[in-house]
Every structure is written in structure tokens, then in C-alpha cells.
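Here the structure comes first, spelled out in C-alpha cells, and everything after it is commentary.
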Amino acid sequence: MTTETTPLQDVQHYIGPGPLRLPSLPPLSVYVHIPWCLKKCPYCDFNSHALQEGEGAPEARYIDALTADLEAALPLVWGRTVSSVFIGGGTPSLFSPEAIDRIIAMIRARLMLEAGCEITLEANPGTFEKDRFKAFHDAGVTRLSIGVQSFNDRHLKAIGRVHDAAQARAAAEEAAQCFETFNLDLMYALPGQSVADLEDDVRTALSFKPPHLSIYHLTVEPNTLFAKYPPRLPDDDTAWDMLDRITALTQEAGLARYEVSAYAKNAHRCTHNINYWQFGDYIGIGAGAHGKLSFAHRVMRQVRYRDPKQYMDHALAGHAVAQEHEVSNKDLTFEFMLNALRLKDGFLVRDFCTRTGQPVTAITPGLKAAEAKGLIKTNLVHIQPTERGFDFLSDLQGLFLPA
């Protein structure tokens with residue numbers, strides 16, 4: 001059941017008796033959402049809001065709201081350490097390095113961060129300027145993720161990006177100079193893109209020697225401009241050919257595919273995203289941010305107010321959470337499988353039981369069906385998608401949908 005909330009309910013509501021018996025709590029991360037962009041991309045369904053010409057993001061008030069939001073959530077995570085922080089958007093790099101420094105310092109002052117805690121900032125080449133990335137590094141960011149999408153001006157224009165190919169190259173070069181760990185985001189199956197075009201993009205990205213590469217298939221999402229005016233995209237056979245080339249080129253460069261859309265060198269996998277995929281917990285602060293928090297007897301999901309102004313007003317008044325609900329047993333099972341099956345290495349059965357509070361029998365019918373179709377392999381301790389299962393991931397995940 002979803003309920004509208006005002007201030008966070010008494011902590012007893014969360015820690016009191018409930019339907020689950022979780023023997024331990026999973027790792028905890030923090031997600032910070034900064035909702036503003038220079039321009040809304042036509043394919044984007046994230047909670048992002050274009051700044052009006054000449055308008056700047058209200059950094060000071062928004063950070064005050066983030067602070068109030070986090071402080072209200074602290075009683076729910078007392079004593080827990082944080083393994084990663086991810087500042088996403090929107091376009092977080094619109095905020096000044098000083099503002100990012102203030103956000104990181106605010107989190108450090110209120111939560112226990114693990115030694116070597118990964119702190120990621122998303123950045124776009126359209127907000128890039130000389131030495132800005134170095135300033136983000138000096139502010140405490142340990143990992144930069146750059147939304148390049150393509151190094152081809154024609155394709156960048158087709159998907160509505162605000163930067164050009166030259167800016168993308170300059171941003172990638174600066175990131176490589178400033179960060180030991182950085183990620184480049186690419187998209188494929190773009191309007192008018194050929195397999196050769198895709199190869200050029202991947203080779204260009206790899207020329208900067210990124211230790212992490214994320215490559216996403218462009219999909220037309222509901223409630224986007226592309227949904228209203230669909231572009232002509234490459235057919236499925238061409239998209240499969242593109243994926244084959246991505247797999248080959250990344251392997252040649254020493255990047256291992258560890259998740260459906262993620263490739264990395266050893267020791268450079270994204271800790272924050274792995275926590276999502278392994279069904280870990282995360283506090284989500286900021287406009288429209290989602291969070292998942294486990295307690296001994298229940299798992300809760302929360303959503304903050306989406307509109308930036310409304311979010312700031314509510315957060316500063318002490319009640320940033322717009323909705324929250326307790327996740328049902330059936331949904332816990334499906335949500336775990338939906339995430340964990342994205343990982344090429346799969347998961348341990350004990351982790352399913354520990355993080356959902358469900359017995360393995362809850363997924364036994366789905367496992368048997370998946371094994372019969374050649375989509376998984378298992379030794380009763382470890383469950384892993386096969387190559388076929390990875391290729392037909394939606395079919396595999398669908399076998400665990402609640403009845």
C-alpha cells in the first residue's frame with residue numbers, strides 16, 4: 001500500500017514487528033539527485049528539468065534542502081556505514097565545484113563513510129570547461145561518469161544533446177588526466193547509425209583508455225518527446241550486430257562485461273551500481289529521488305517530491321518524502337531477481353534469502369523453468385545467467401513475475 005506522508009513516521013513504525021526476518025542488513029549507499037539540465041533530451045524519462053535561458057540552478061537553497069532531507073532520514077540508518085555516494089541527475093556538473101564540495105562535506109558530517117568510499121559525479125560535456133573536472137576531484141569526487149552518448153555530431157544532434165563531438169573528446173581527455181577511475185556513457189542503435197558508425201564511437205571512447213564503459217541501447221520510453229515523435233531507429237538485426245561489435249572491441253581493450261550494459265577493468269567496477277543490482281539499500285535524497293531501506297522485519301521504498309520547488313519547500317519543512325510503501329513478499333522476490341540477473345556473475349542463493357527474507361522455494365519454479373530453457377546454470381549454491389540468458393534477459397526476468 002502506498003501512503004502519502006508528512007514528516008517521517010516514528011522510527012518504531014520501521015523497526016517494529018513485521019512479516020520478515022532479515023538476519024542482517026545489506027550494504028548502504030547514498031544517492032543524491034540534482035534535477036536540472038541545460039536542455040531536456042528527447043529520449044530522457046528521468047526527473048530532469050531544463051533551466052530557462054539565463055536562469056541558474058538555486059544551489060544554496062537546494063543544498064539546504066538536501067541537508068534537511070538527509071537529517072530527517074538519519075534515524076532510519078543509525079549505526080550503518082555507507083559504501084558509496086552517487087550524485088546523479090539531471091546534470092550535476094551544472095553545480096559549481098564549491099557546491100559539490102559542500103554536498104560531499106554535508107554527507108561526511110552526518111554519515112559514516114567506509115574507507116575508500118566511492119563518490120561518483122555524473123557530468124556532461126556541455127557543462128565542461130578547462131580544469132572544472134580537476135576541481136570536482138579536489139572537492140572529493142573519486143569517480144566521474146561522463147554522458148558522452150556519441151562522438152558523432154550528426155548522431156548527437158539526432159538525439160538532442162547540447163554538446164558536440166569536439167566537446168565530448170575534450171571532456172574525455174580531461175577526465176582521463178584527473179581521475180584514476182572514470183566512466184564514459186555511450187548509446188547505440190541511434191537514429192541513422194550504422195554498425196560502422198557504432199564501431200567508430202566505441203574505438204574513439206576506448207582511445208581515452210577508460211577503466212569503465214557503459215553502453216546502452218537507445219529505447220523509446222513513454223512520456224518522452226521520442227515517444228510522441230518516434231525517430232527511425234536501426235532494426236533489431238542491426239542492433240544485435242552492434243552489440244556483437246561492442247562485445248568484441250571491449251574484450252580487445254581488456255574491459256570485461258560484468259553487467260548487461262557495463263564493461264570494466266579489474267578493480268574499476270561501479271560499487272554503487274553493483275549495490276543496486278545486488279539488492280542493497282540506498283538513501284535517496286533530492287527531487288524525485290527513490291530510496292530502499294531494509295529493517296529487521298520489513299523493506300521500505302520511498303520517493304521524494306518530484307518538482308524541484310515543491311521538493312525544496314517540503315524538505316526544508318521536514319517532510320521531503322512524498323510516498324512510501326512496504327514491499328510485499330512477492331514483489332521482494334521479483335525485484336531481487338530483476339536486479340541480480342543483470343549481473344553476468346549472477347548471485348548466491350544465500351544472498352537472495354538474506355536480502356529478501358524469503359526461502360529459496362519462492363524462486364524454485366522460476367529457476368526450474370529458466371534452467372529448462374537454457375537461460376541459467378546453477379549448482380544450488382550459485383545462480384548465473386547463461387550466454388543465452390544474458391541475451392534474452394527480459395524473457396529470463398519475466399519468469400519471476402508475481403503470479
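Does Asp138 satisfy being assigned by TED's automatic domain parsing to the domain that holds His33 and at pLDDT 95 or above? Let's see the steps before the verdict.
Values: assigned by TED's automatic domain parsing to the domain that holds His33: yes; at pLDDT 95 or above: yes.
Criteria met by Asp138.
Identify, from the list Ala168, Ala123, Ala139, the residue that is among the small types (Gly, Ala, Ser) and farther than 20 Å from Ala262 by Cα. Spell out how you get there, then give the answer.
Details: Ala168 fails: farther than 20 Å from Ala262 by Cα; Ala123 fails: farther than 20 Å from Ala262 by Cα.
Criteria check complete, one pass: Ala139.
Matching residues to (1) under 22 Å from the mean Cα position of the chain (by Cα); (2) free of Cβ contacts under 8 Å to residues at least 12 places away in the same chain:
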position	(1), (2)
Glu173	no, no
Phe179	yes, no
Met187	yes, no
Ala205	yes, no
Leu213	yes, no
Pro222	yes, no
Lys228	no, yes
Asp236	no, yes
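In the stretch 103-123, which residues are touching a strand residue (DSSP E or B) at 6+ places or on another chain (Cβ under 8 Å) and touching a residue at least 40 places away in the same chain (Cβ under 8 Å)? If you could, list the steps in order and put the result at the bottom.
Initial filter on the stretch 103-123 (touching a strand residue (DSSP E or B) at 6+ places or on another chain (Cβ under 8 Å)): 103-104, 107, 111-114, 117-123.
Passing the criteria: Ile103, Ile107, Leu111, Glu118, Thr120, Ala123.
Quick check on the stretch 314-331. Is at least one of its residues polar (S, T, N, Q) and under 26 Å from Ala262 (Cα atoms)? Steps first, answer last, please.
Step one: list which residues in the stretch 314-331 are polar (S, T, N, Q), which gives 323, 328-329.
Add one more test, that the residue is under 26 Å from Ala262 (Cα atoms), and what stays is none.
Among the residues of the stretch 314-331, not one is polar (S, T, N, Q) and under 26 Å from Ala262 (Cα atoms), which makes the answer no.
With the checklist (1) acidic (Asp, Glu); (2) at pLDDT 95 or above; (3) more than 20 Å from Ile34 (Cα to Cα) in hand, flag the one item Asp101 doesn't pass.
Looking at each condition in turn, Asp101 falls short on (3).
If you go through the stretch 227-270, how many residues are within 12 Å of Ile215 (Cα to Cα) and surrounded by fewer than 15 Cβ atoms within 10 Å (Cβ to Cβ)?
Summing the residues that are within 12 Å of Ile215 (Cα to Cα) and surrounded by fewer than 15 Cβ atoms within 10 Å (Cβ to Cβ) in the stretch 227-270 gives 1.
Based on this model, can you work out whether Val11 counts as in contact with a helix residue (DSSP H, G or I) (Cβ under 8 Å, 6 or more places away or on another chain), closer than 22 Å to Val299 by Cα and at pLDDT below 95?
Values: in contact with a helix residue (DSSP H, G or I) (Cβ under 8 Å, 6 or more places away or on another chain): yes; closer than 22 Å to Val299 by Cα: yes; at pLDDT below 95: yes.
Yes, satisfied.
Need a quick list: helices (runs of 4 or more DSSP H) entirely within the stretch 42-160 having at least 1 residues that are in contact with a Lys or Arg (Cβ under 7 Å, 6 or more places away or on another chain) and exposed (fewer than 15 other Cβ atoms within 10 Å of the Cβ).
On the way: elements: 59-73, 97-110, 132-138, 153-158.
Because the criterion is at least 1 residues that are in contact with a Lys or Arg (Cβ under 7 Å, 6 or more places away or on another chain) and exposed (fewer than 15 other Cβ atoms within 10 Å of the Cβ), the helices (runs of 4 or more DSSP H) in the stretch 42-160 that meet it are 59-73.
Only one of these is crowded, with 21+ Cβ neighbours inside 10 Å, in contact (Cβ under 8 Å) with a residue 24 or more places away in the chain and acidic (Asp, Glu): Asp351, Asp281. Name it. Before the answer, list the steps.
Details: Asp351 fails: crowded, with 21+ Cβ neighbours inside 10 Å.
Going through Asp351, Asp281 in turn, the sole match is Asp281.
Does Thr356 meet the test of being touching a residue at least 24 places away in the same chain (Cβ under 8 Å) and hydroxyl-bearing (Ser, Thr, Tyr)? So that I can check it myself, show each step before the final result.
Values: touching a residue at least 24 places away in the same chain (Cβ under 8 Å): yes; hydroxyl-bearing (Ser, Thr, Tyr): yes.
Judged against the criteria, Thr356 is a match.
On the basis of being in contact with a Ser or Thr (Cβ under 8 Å, 6 or more places away or on another chain) and either without any contact (Cβ under 8 Å) to a residue 40 or more places away in the chain or closer than 30 Å to Gly56 by Cβ (or both), does Val303 make the cut? Break it down stepwise before answering.
On the way: in contact with a Ser or Thr (Cβ under 8 Å, 6 or more places away or on another chain): no; either without any contact (Cβ under 8 Å) to a residue 40 or more places away in the chain or closer than 30 Å to Gly56 by Cβ (or both): yes.
Answer is no for this residue.
Just to check your reading of the model, which residue among Ala340, Ala322 is crowded, with 18+ Cβ neighbours inside 10 Å, closer than 30 Å to Ala65 by Cβ and in contact (Cβ under 8 Å) with a residue 40 or more places away in the chain?
On the way: Ala340 fails: closer than 30 Å to Ala65 by Cβ.
Just one listed residue meets the conditions, Ala322.
The values are calculated or read from the model by the stated rules, or taken from the named source; none is laboratory data. Being a predicted model, the structure only gives us computed values, none of them experimental. As a convention, Cβ positions derive from the backbone with ideal geometry for all residues, glycine included, and neighbour counts pool all protein chains shown.
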